[in-house]
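Peer 1: Here you go, one structure.
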Amino acid sequence: MQSYKLHIVSEQLKDRHPYVEPEFKQRYDPSEVYHAVFDRSIPKLIEILLMPNIESFKYRDSLITLNEMVDHQEYKDQMITQGLVGIASAYLHHKDLEIRKQAVILLGCLLSLKRGREQLVDLSFEGLAKLLFDDARDDCGWALCRIISGRDGVDILCRSNLTKVMIEAFMQSDGHFKFQVYLLEAFSKISEYDNGIFFFLRCGIIQRFIHILDNDYGGEHRPRINYLCLDVLAKICANHDGKIEAIRENAIRTASSQLDSPHEKEQYFATVLIMNCAINLDGKKQCVHVTNDEIIQKLINLLDKPFSDDVRQALKNIADYPDGFYIITRLLVDRVQDLADLFDTRVIISLSYLIPRNAQDYTQYKPYAKTLCRFLREYEKTIQVAIEETVKIHEKLINFFYYPEMAADIADILKKISQEDQDCKEFLKAHFLNYKQQGNQIDKIQKMLYNELLKYEFAS
């Protein structure tokens, strides 16, 4: 047999062509983000986030990719289902700032749904509380606004005590205006509810808001910061204890300075704040006892605004204090419809009060008498109010009979009163006889009006 040497030759491509790449499994790196594609994208990104001890930029890139996808509602739902709320919460504690920022943005997007908020745990609250004081604060503020998009979110923040930490962060964040805007947006929602208002009482935040409003604060964010501070203050003042504290800190004075702001939102929230404070007696006094009736005058100037109903309610609350009632009537004496809307027939009482007895000259009081006559002539039940709730109103009105341009109106009103009130009729007879006995002359028109008024013919 011929001897031979056996050569065993491999038929594998790797042996025939050694320069070819290693097979896929050998060169596949499971931590690479670009492998997350198609239906496996979210699970793959979660897998990377759960890998220990890989490069930080891979965690960052995974979070960025998830943030690019999370705006799609179906993807957002899948992320919540697959536990990304808890994973993102863990990354709030990462040492890398950019990773913390991306994690809190992702968390904020997921928490805009109630299902996401239900998965919050202590780790989430601890991470959010920490971010309120570091360079990721702006993104954290944005995320907190997503949490309180629902009523349950407000309850979650209150139960976790995170609201208290948010208030502390606001007090210590001078210069971070964008962050303060986010927190104020959150405070506005939280303070709508009693369990939220509790955190704003006796902690110094009311004084802080007032300080911001009294100073040129906020730069380009100033208008928004102003109206949000006023909004939160107004809601705090809906609470009895909050109202007392705000009044003590002179919140009404601060709000009044915003009533003539060029920004309508500031005017509106300042009005609501005054309206809420004016329920309290001390609040009413602060609105009334100011120079030149400034606060009431500013409110009256806003009666043509879209929020006129709130302005009227503020004026009504102030008018429960007698001095306020008379001031408002005096300032609105030429605006009959506004007086009617505010006080209805009660305005007869204040108009009568504004006309004194035994004045030397009644010329300056003619506007009150004219408006009084118009109410008594045009509005139902006003005659009865004049008789029953004022003290001898006819004794004041008779003084205007001797102004020729008012004689007819006064005679008409006195006639109506005398038909219902015998004392008025007797007074008019006695007054006219006494007037003639003093040697005073009356013209033909006045004599005719008296004759018609008293059904009594006087000698010429």
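The values are calculated or read from the model by the stated rules, or taken from the named source; none is laboratory data. Just so you know, these numbers come straight off a predicted model, no measurement behind them. Every residue, glycine among them, receives a Cβ derived from its backbone with ideal geometry; neighbour counts consider all protein chains shown. Ligands, DNA and RNA are excluded from the accessible area calculation, which covers all protein heavy atoms including side chains. Shrake-Rupley method; radii C 1.70, N 1.55, O 1.52, S 1.80 Å.
Peer 1: So, in segment 223-269, of the ones that are under 13 Å from the mean Cα position of the chain (by Cα) and among the charged types (D, E, K, R), which residue ends up farthest from Leu184 (Cα to Cα)?
Peer 2: Only one residue tops the list, namely Glu264.
Peer 1: Could I ask something else about it? Can you find even one residue in segment 74-91 that is open to solvent by less than 10 Å² (accessible area, probe 1.4 Å) and polar (S, T, N, Q)?
Peer 2: The answer is yes; a qualifying residue exists.
Peer 1: Here's something else I'd like to know. Need at least 1 residues that are surrounded by fewer than 16 Cβ atoms within 10 Å (Cβ to Cβ) and more than 24 Å from the chain's Cα centre (by Cα) per element, so show me which helices (runs of 4 or more DSSP H) inside segment 287-344 make the cut, counting only ones lying wholly within it.
Peer 2: In segment 287-344, 322-331, 336-343 are the helices (runs of 4 or more DSSP H) which contain 1 or more residues that are surrounded by fewer than 16 Cβ atoms within 10 Å (Cβ to Cβ) and more than 24 Å from the chain's Cα centre (by Cα).
Peer 1: Next question. Cβ contacts < 9 Å: first residue within 23 Å of Lys76 (Cβ to Cβ) and among the acidic types (Asp, Glu), restricted to segment 119-138; second residue open to solvent by 40 Å² or more (accessible area, probe 1.4 Å) and not in a helix (DSSP H, G or I), any location; separation 6+ or different chain. Result?
Peer 2: Pairs found: Asp138/His176.
Peer 1: Does Leu281 satisfy the condition of being buried (at least 21 other Cβ atoms within 10 Å of the Cβ) and without any contact (Cβ under 8 Å) to a residue 60 or more places away in the chain?
Peer 2: The answer is no for Leu281.
Peer 1: So, in segment 345-359, how many residues would count as being open to solvent by less than 20 Å² (accessible area, probe 1.4 Å) and either of a type outside the set (A, V, I, L, M, F, W, C) or without any contact (Cβ under 8 Å) to a residue 24 or more places away in the chain (or both)?
Peer 2: 2
Peer 1: Could you list all residues from segment 180-209 that are part of a loop (DSSP other than H, G, I, E, B) and open to solvent by less than 10 Å² (accessible area, probe 1.4 Å)?
Peer 2: Within segment 180-209, Ser191 is the sole residue that qualifies.
Peer 1: How many residues are of a type in the set (Lys, Arg) and open to solvent by less than 50 Å² (accessible area, probe 1.4 Å) when one looks only at segment 360-382?
Peer 2: Selection size over segment 360-382: 1.
Peer 1: Name the single residue, out of those in segment 383-418 being under 12 Å from Ser352 (Cα atoms) and of a type in the set (Val, Ile, Thr), that is surrounded by the most Cβ atoms within 10 Å (Cβ to Cβ).
Peer 2: If we take residues in segment 383-418 being under 12 Å from Ser352 (Cα atoms) and of a type in the set (Val, Ile, Thr), then Ile393 is surrounded by the most Cβ atoms within 10 Å (Cβ to Cβ).
Peer 1: Between residues in segment 295-309 that are in contact (Cβ under 8 Å) with a residue 24 or more places away in the chain and residues that are part of a loop (DSSP other than H, G, I, E, B) and open to solvent by 60 Å² or more (accessible area, probe 1.4 Å), which pairs lie under 7 Å by C-beta distance while being six or more apart or on different chains?
Peer 2: Hits for this filter: Lys298/Asp260.
Peer 1: Moving on to the next point. Please find, within segment 428-446, the residue that is modelled with the lowest pLDDT out of those that are part of a helix (DSSP H, G or I) and under 15 Å from Phe400 (Cα atoms).
Peer 2: Applying the filter and picking the extreme gives Ile445.
Peer 1: Taking segment 102-128 on its own, how many of its residues are open to solvent by 20 Å² or more (accessible area, probe 1.4 Å), within 18 Å of Ser160 (Cα to Cα) and under 27 Å from the mean Cα position of the chain (by Cα)?
Peer 2: 2
Peer 1: Let me ask another. List every residue pair whose Cβ atoms sit under 7 Å apart, with the two residues 6 or more apart in sequence or on different chains, where the first one lies in segment 179-208 and is more than 19 Å from Ala246 (Cα to Cα) and the second, anywhere, is among the polar types (S, T, N, Q) and in a loop (DSSP other than H, G, I, E, B).
Peer 2: Sorted first by the residue in segment 179-208, then by its partner, the pairs are Phe179/Ser173; Gln180/Ser173.
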